[in-house]
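Working notes, beginning with the structure itself.
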Amino acid sequence: MPTGLATQRIVSLDAQVTDETLGKFMDCTGYPYIVVYVKGSTSGTISSGVVTIEEADFDKEVTPGGPGTDTWSSIQTVNGADVTGGAQKAIHLAVGSYHFVRVRISTAIGGGGTVSAVIIAQSVS
């Protein structure tokens, strides 16, 4: 496994609410330590909805935009109501060998607030 890679950070979702919104994916090859921060907006209440953290393997030269939705595997879900009022939830993924990781709104966010998600990946030091 590669060591000493620079820490990566991307905004996967930015203030979204719509069902099946696909977040930007990150290539996590060589990064066994991944944290996903799901954040609620400070304005509006989030009363419902689900955010799903997913992973997949594909050749980005063949499929640069990523594979279809049926190719991604669910890792974990976060209830939208858990991040209402600007709350933030940190999801530490199990240490493992990941390829591509993304966040998806799998059930529309209801109540007037929005959700954002950031993925941070760190290699072995």
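The values are calculated or read from the model by the stated rules, or taken from the named source; none is laboratory data. If you're wondering where the values come from, they're calculated on a predicted model, not measured in any experiment. Reconstructed Cβ throughout: ideal geometry from the backbone, glycine too, with neighbour counts over all protein chains shown.
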Looking for something among the aliphatic types (A, V, I, L, M) and in contact with a helix residue (DSSP H, G or I) (Cβ under 7 Å, 6 or more places away or on another chain) - is there at least one such residue anywhere in region 75-91?
no
What about residue 49, is it of a type in the set (Gly, Ala, Ser), surrounded by 21 or more Cβ atoms within 10 Å (Cβ to Cβ), farther than 19 Å from residue 10 by Cα and touching a helix residue (DSSP H, G or I) at 6+ places or on another chain (Cβ under 7 Å)?
yes
Only residues that are in a strand (DSSP E or B) and within 12 Å of the chain's Cα centre (by Cα): list them for region 14-26, please.
14, 22, 26
State the number of residues belonging to region 52-68 that are within 19 Å of residue 28 (Cβ to Cβ) and either surrounded by fewer than 13 Cβ atoms within 10 Å (Cβ to Cβ) or among the hydrophobic types (A, V, I, L, M, F, W, C) (or both).
10
Every residue in region 39-54 that is modelled with pLDDT of 95 or more and in a strand (DSSP E or B), please.
39, 40, 48, 49, 50, 51, 52, 53, 54
Which of the numbered conditions does residue 98 fail, given that it passes all the others? Conditions: (1) surrounded by fewer than 19 Cβ atoms within 10 Å (Cβ to Cβ); (2) in a loop (DSSP other than H, G, I, E, B).
(1)
Can you say whether residue 18 is without any contact (Cβ under 8 Å) to a residue 24 or more places away in the chain and of a type outside the set (Gly, Ala, Ser), as far as the supplied structure shows?
no
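Kindly establish whether residue 63 is of a type in the set (S, T, N, Q) and over 20 Å from residue 116 (Cβ atoms).
So residue 63 passes the test.
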Across region 55-92, the tally of residues that are of a type in the set (S, T, N, Q) and assigned to a strand (DSSP E or B) stands at 6
Condition first: farther than 17 Å from residue 40 by Cα and either surrounded by 18 or more Cβ atoms within 10 Å (Cβ to Cβ) or charged (D, E, K, R) (or both). Now tell me which residues in region 101-122 satisfy that.
101, 102, 121
May I ask you to list the residues in region 95-125 that are within 18 Å of residue 24 (Cβ to Cβ) and among the small types (Gly, Ala, Ser)?
106, 116, 117, 121
